[in-house]
Amino acid sequence: DKPRRPPARAGRRAAPASQQLQADEEALEALQRLATARLMHLAGAMSGDSVARLQQEVLEDFAPDCEKVFQESEAAHGVAQTVVWFTRLKEILPDFHMGVRRVEVEEGRQGITLRVCAAFSGTQSSQLFPMFPVGKLLSLLPLQMALDFDTNGRITRDSCNLCLSGQLSLEPSVVDWLVANAHTLAVRDDGSRMLQDAFEYATDDDKFVLAQQFEGHVWAASADPNANFVLQTCIVQLHPQDVRFLADELGGKVAEAARHGIRSRILERMFEHFPAEWLDGTVGELVTAGLSLCRNPFGNFVLQRALEHGTVRQRSVVAEVLLRETVRLAHHHIASNVVRCALVNCSLDDRRRLAAALTADPNIARGLERHRSGNFVMREVRALSRTVGLAREVEEVSL
């Protein structure tokens with residue numbers, strides 16, 4: 001036998017990688033310490049009396065091509081403009097004081113991000129925060145900040161947003177500002193969350209006034225990735241009569257909305273929260289395109305909500321559509337879910353008719369039992385058979 005070569009020492013080869021990993025971890029920890037220290041120094045300078053000290057701190061902490069974002073809008077670009085923004089902040093709020101409450105660190109590709117929860121107090125001499133009165137002390141208002149740091153520990157992006165949630169959203173001046181700016185806020189990520197919080201905490205009268213700002217604008221807002229959440233919150237939080245205009249404005253375009261990845265959510269919430277008898281017209285539009293909607297990745301969910309929450313008559317109308325191509329739909333990876341939903345939620349008569357269509361041909365039924373989508377449909381057929389009993393030919397389908 002040939003002599004075996006001794007195994008190579010893995011330790012020596014792994015050492016450089018291990019050392020590099022340790023060095024990377026140490027560099028990351030050092031960057032976190034530096035970033036946290038700069039955050040605290042900046043907060044201290046903002047809370048101090050010296051504008052010159054604040055300006056110097058900004059020049060030291062921010063990268064030359066930095067970006068300052070305030071309330072979801074770009075407030076400054078470059079360190080020179082950022083110095084001007086912070087100077088204006090101190091001029092408008094000379095008694096500004098900020099306290100850092102919590103800091104979370106996220107590692108990025110080219111540095112780190114500090115996500116900061118803070119609170120500030122101060123008396124504004126002009127409306128930097130237009131939702132609050134001038135000349136009145138603002139006390140401990142919550143702020144959310146996100147500070148991006150490069151590998152040198154300089155701030156490349158500073159995003160700061162006021163959190164108008166909880167009891168703060170009940171302030172009359174805040175409600176008035178939200179109403180006046182509802183459309184602008186709804187299409188912004190942070191603004192959408194502000195409005196959703198307001199609907200949760202505001203009085204019923206204020207909720208109604210806020211919702212009315214979207215009347216006549218439902219079609220556009222329902223397709224927006226942020227505004228659609230506001231409309232969904234309207235449906236959930238308000239009395240259906242107060243937001244019936246949503247159903248009215250989608251009328252005539254229901255099938256198109258059901259195929260839409262975002263608008264379809266509004267239809268789902270309508271079926272979940274509106275009186276079912278209001279939605280006869282909506283169901284009528286859905287069934288005209290029922291077969292294609294069954295196969296649609298979004299429309300199928302709308303049909304399932306109709307089957308779950310609709311009237312007996314509405315469910316039966318959907319079942320009639322499914323009966324046209326029951327077997328084909330049961331084989332489809334998306335449409336099969338609608339058939340399953342119908343087998344669970346329709347009237348007993350309609351469920352029996354669907355089951356009979358699926359089991360009329362024993363060979364087809366056995367094929368469905370083995371099909372990756374159809375077998376889930378056949379489980380509901382079996383459950384129906386055990387619960388209420390079906391015709392002998394259904395019960396005798398061989399597994």
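Each residue of region 357-370 was assigned a 3J(HN,Hα) from its phi angle through the Karplus expression (A = 6.51, B = -1.76, C = 1.60, θ = phi - 60°), giving 5, 7, 10, 4, 9, x, 5, 5, 4, 5, x, 5, 4, 9 Hz with x at Gly and Pro. Post the alpha-carbon centroid distance, region 263-331 to region 332-353, in whole angstrom. Cα centroid of region 263-331 versus Cα centroid of region 332-353: 11 Å apart. For the chain, adding -39500 (n - 2.57) for each run of n ≥ 4 DSSP H residues and dividing by the number of residues yields -17500 deg cm²/dmol at 222 nm. Of 333, 309, 371, the order by accessible heavy-atom surface (1.4 Å probe, DNA, RNA and ligands excluded), from most exposed downward, is 333, 309, 371.
Packing order of peptides 269-280, 107-118, highest average first: 269-280, 107-118 (average count of other Cβ atoms within 10 Å over each peptide's residues). With the gyration tensor restricted to C-alpha atoms of region 222-282, the semi-axes of the equivalent ellipsoid amount to 16, 15, 9 Å, longest first. Overall, the chain carries a charge dipole of about 2140 debye about its Cα centre when +1 sits on the Cβ of Lys and Arg and -1 on the Cβ of Asp and Glu, all other atoms neutral.
Ranking 310, 300, 278 by how far each Cα lies toward the positive end of the dipole of region 172-317 (charges on Cβ) leaves 300 at the top. The phi torsions of region 201-217, fed into the Karplus equation with coefficients 6.51, -1.76 and 1.60 and a -60° offset, translate into couplings of 9, 6, 6, 4, 5, 5, 4, 5, 5, 5, 4, 5, 5, 9, 5, x, 10 Hz, rounded to whole numbers, with Gly and Pro shown as x.
In Å, what Kirkwood hydrodynamic radius results for the chain from the alpha-carbon pair distances? All intermediate terms of the calculation are to be shown ahead of the outcome.
Details: mean 1/r = 0.0385 Å⁻¹.
The answer is 26.0 Å.
When both region 187-230 and region 78-118 are represented by their alpha-carbon centers, they are found 28 Å apart. Sequentially through region 154-161, phi angles give Karplus couplings (6.51, -1.76, 1.60; θ = phi - 60°) of 9, 6, 9, 8, 10, 10, 9, 9 Hz, Gly and Pro residues having no value and appearing as x.
Residue ranges 85-95, 248-258 sort as 248-258, 85-95 when ordered by packing (mean number of other C-beta atoms within 10 Å per residue, highest first). In this rough spin-label picture, where each label sits 7 Å from Cα along the Cβ direction, the residue 333-residue 25 distance is 4.2 nm.
Taking 0.36 nm per residue of sequence separation and subtracting the Cα-Cα distance, how much length would be gained by fully extending the chain between residue 204 and residue 219, in nm to one decimal?
Full extension from residue 204 to residue 219 adds 3.0 nm.
The values are calculated or read from the model by the stated rules, or taken from the named source; none is laboratory data. Remember, it's a predicted structure, so these values are computed and weren't measured experimentally. With ideal geometry, Cβ positions are generated from the backbone for all residues, glycine too; neighbour counts draw on all protein chains shown. To get the accessible areas, we keep the full protein, side chains included, count just its heavy atoms, and leave off ligands, DNA and RNA. Shrake-Rupley method; radii C 1.70, N 1.55, O 1.52, S 1.80 Å.
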